[in-house]
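See below for the structure under consideration.
The values are calculated or read from the model by the stated rules, or taken from the named source; none is laboratory data. Everything numeric here is computed off the predicted structure, so don't read it as measured data. Methodologically, a virtual Cβ is constructed for each residue, glycine included, from the backbone with ideal geometry; neighbour enumeration extends over all protein chains shown.
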Amino acid sequence: MRGHVFVVQGDLTKFACDAWMIPSDSIGNVTSAFWESEQTALENVGARRDVGDYGTPGMDWKERLAIPLTGKDAKGPRPWLIRSAGEIEEALAGVEAFVKAASEGEKGSSKAEGCRTLMALPLVGTGKGGSAPVAGDLIARLLPRLMELAQEHDVDLALVIINEVHWAAVQAYRKKHANNCWPGLDHKLVSRAMELGKVAAEGNLVVFLGAGVSCGAGLPSWGSLLLEMEADVDLDSNSRKELEVLDFLDRAQLLAKHYRGKSSLGEVVRKAFSQFHRRGLGHTLLASLPVKEFITTNYDELFELASNDVKRPVRVLPFEPAKPGDRWLLKMHGCVTHPDSIVLTRESYLRYADQNAALAGIVQAMLITRKMLFLGFSLKDDNFHRIADAVRRAIHPDPDKPGSGVLGQATMIEGKCNSHLEDLWKDEINLIKVADERAFDIFLDRLCCEAAQPSHLLDRRFKGLLSDSDEALGGLLEPLLNRDGDHRNSIAWPAVKNLLERLGARRDDSA
């Protein structure tokens, strides 16, 4: 499977990738969001902050379209300043220059075997650029070209869009051309992704995030975290070898004794995770889902940050109260913002049922009343097994008469899945097997596209993407918002008005 084009809603300046694109106009003006992220680096090449003053030329671009920058975060992705603002042709030329230059520039960088370079870019030309009024036409030209570039250079590209309406329009294009947008995803996985996307769109999906989602952003796995902790304690080589044969919970329990008097184990975890702030591909994809209920065993804050980026803030349970309609995230094993809440040792697991019965009750309710999707979760956690067993007994208490209903579906990397695991969860959790972590991301990308709502449908900027049936529907609906009359006095009018605005309609000033 060659390069893929991901589409995510989020903040490009905070996205975890290998290289990212900062668009500029022909004289080096850069909009505030990008300028504030890389101010020093941009000043060093003579770029100027776009404050509306175009009187003094900035840098002399001439034929140079792409300039690599040294970003603030030396360990982070490399930013590339690209001349791309303007009409559609200029925007496309800038994108091509970025992909070509950055793919060459990233060759030889240290990457895990089998991992492709991931490069991120904005929807160029649709902010202050000349393509804003014809954003639909730009999208129809840009997406096919991005797919060609990903294939040609064998890199993964992430189109990172902060604006919800622009993001919805791009997803609508991809749905219409689905066969071309996910060429490497087999038919069975496509069907499962579409099915789950529709469940999410209907508001019936709850997502359970495991460690695999956070590992995609570079965070350590449980085993890696323990190894980092062990390096900080005074142990001889024999003791370290003996530790390796113990269960993770027992290793953590012993480490807690060594840390006692110096720092709590939770505080050590907090410090280990504090260096990670860039949102991974998985977090950014999930933040766009029309899902309000999430559960995780992870300690980090990356999903919360990704949700904030797209103005869908999440209430973190049990640390914050959630009101009806709020998006919430239940942290079963604690959070780095509350180090004392972190569940990591054998002792904390044994006491979990007594100390966190209310949290377990929420998970049980979600398993019974919603369709749960497990992502990056191994299904081996002892606390989850206890919770699932309580649900199992409630749904079909007679062990000799197993029920046919499923508790949910779980993605699983093929190398980490076998027939015994499938048999263990038979009739309760359906396993969705993917080849590797990248295939998991592509599956999730398809799911998120299917769940996207058509919030661009009545927005004139995207006329170039609409089918004849879309145009016909818009012709019937849009006048309702721009026409005064008795229909506005109907008790149903607020709901209709809300629907029209969610579909992108805006009342004309003259109306």
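For the reader, a short list of remarks on this structure follows.
- Residues (within 22 Å of Asp247 (Cα to Cα) and either over 29 Å from the mean Cα position of the chain (by Cα) or hydrophobic (A, V, I, L, M, F, W, C) (or both)) located in the stretch 355-385: Phe377, Leu379, Phe384
- Count of residues meeting criterion [over 27 Å from Asp156 (Cβ atoms) and in contact with a Leu (Cβ under 9 Å, 6 or more places away or on another chain)] in the stretch 19-39: 1
- The conditions of being in a loop (DSSP other than H, G, I, E, B), under 18 Å from Leu12 (Cα atoms) and modelled with pLDDT under 80 are not met by Lys107.
- The listed residue being within 24 Å of the chain's Cα centre (by Cα), charged (D, E, K, R) and modelled with pLDDT of 90 or more, out of Lys271, Lys311: Lys311
- Residue ID - surrounded by the fewest Cβ atoms within 10 Å (Cβ to Cβ), chosen from residues in the stretch 331-357 that are at pLDDT 90 or above and touching a Pro at 6+ places or on another chain (Cβ under 9 Å): Ser341
- Some residue of the stretch 84-104 being surrounded by 14 or more Cβ atoms within 10 Å (Cβ to Cβ), under 27 Å from Asn308 (Cα atoms) and modelled with pLDDT of 75 or more: no
- Which listed residue, of Gly210, Gly266, Gly184, Gly218, is in contact (Cβ under 8 Å) with a residue 40 or more places away in the chain and within 24 Å of Lys371 (Cα to Cα): Gly210
- Odd one out for Trp167 among (1) assigned to a helix (DSSP H, G or I); (2) within 15 Å of the chain's Cα centre (by Cα); (3) under 29 Å from Asp381 (Cα atoms): (3)
- Within the option set Lys416, Lys463, being more than 30 Å from Val134 (Cβ to Cβ) and either surrounded by 12 or more Cβ atoms within 10 Å (Cβ to Cβ) or not small (Gly, Ala, Ser) (or both) holds for one residue only, Lys416.
- Annotation note: Cβ proximity below 7 Å between a residue of the stretch 280-307 that is in contact (Cβ under 8 Å) with a residue 24 or more places away in the chain and a residue that is assigned to a loop (DSSP other than H, G, I, E, B) and of a type in the set (Asp, Glu) (sequence gap 6+ or interchain) occurs for Thr297/Asp381.
- So Gln151, is it within 27 Å of Met372 (Cα to Cα) and either outside any helix (DSSP H, G or I) or not hydrophobic (A, V, I, L, M, F, W, C) (or both): no
Rundown of residues vs (1) assigned to a helix (DSSP H, G or I); (2) at pLDDT 85 or above; (3) of a type in the set (D, E, K, R), yes/no style:
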| residue | (1), (2), (3) |
| --- | --- |
| Asp423 | yes, no, yes |
| Asn430 | no, yes, no |
| Lys433 | no, yes, yes |
| Phe443 | yes, yes, no |
| Ser455 | no, yes, no |
| Arg461 | yes, yes, yes |
| Ser469 | yes, yes, no |
| Leu476 | yes, yes, no |
| Leu481 | yes, no, no |
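- Residue ranges of strands (runs of 3 or more DSSP E) in the stretch 290-401 with at least 3 members hydrophobic (A, V, I, L, M, F, W, C) and either over 28 Å from Leu424 (Cβ atoms) or assigned by TED's automatic domain parsing to the domain that holds Val207 (or both): 314-317, 327-331, 371-375
- Candidates are the residues of the stretch 195-252 that are among the charged types (D, E, K, R) and within 30 Å of Ala306 (Cα to Cα); the one that is surrounded by the fewest Cβ atoms within 10 Å (Cβ to Cβ) is Glu202.
- Of residues in the stretch 19-40 being in contact with a Lys or Arg (Cβ under 7 Å, 6 or more places away or on another chain) and crowded, with 18+ Cβ neighbours inside 10 Å, the one modelled with the highest pLDDT: Ala19
- All of (1) without any contact (Cβ under 8 Å) to a residue 12 or more places away in the chain; (2) within 24 Å of the chain's Cα centre (by Cα) hold for Phe319 with one exception: (1).
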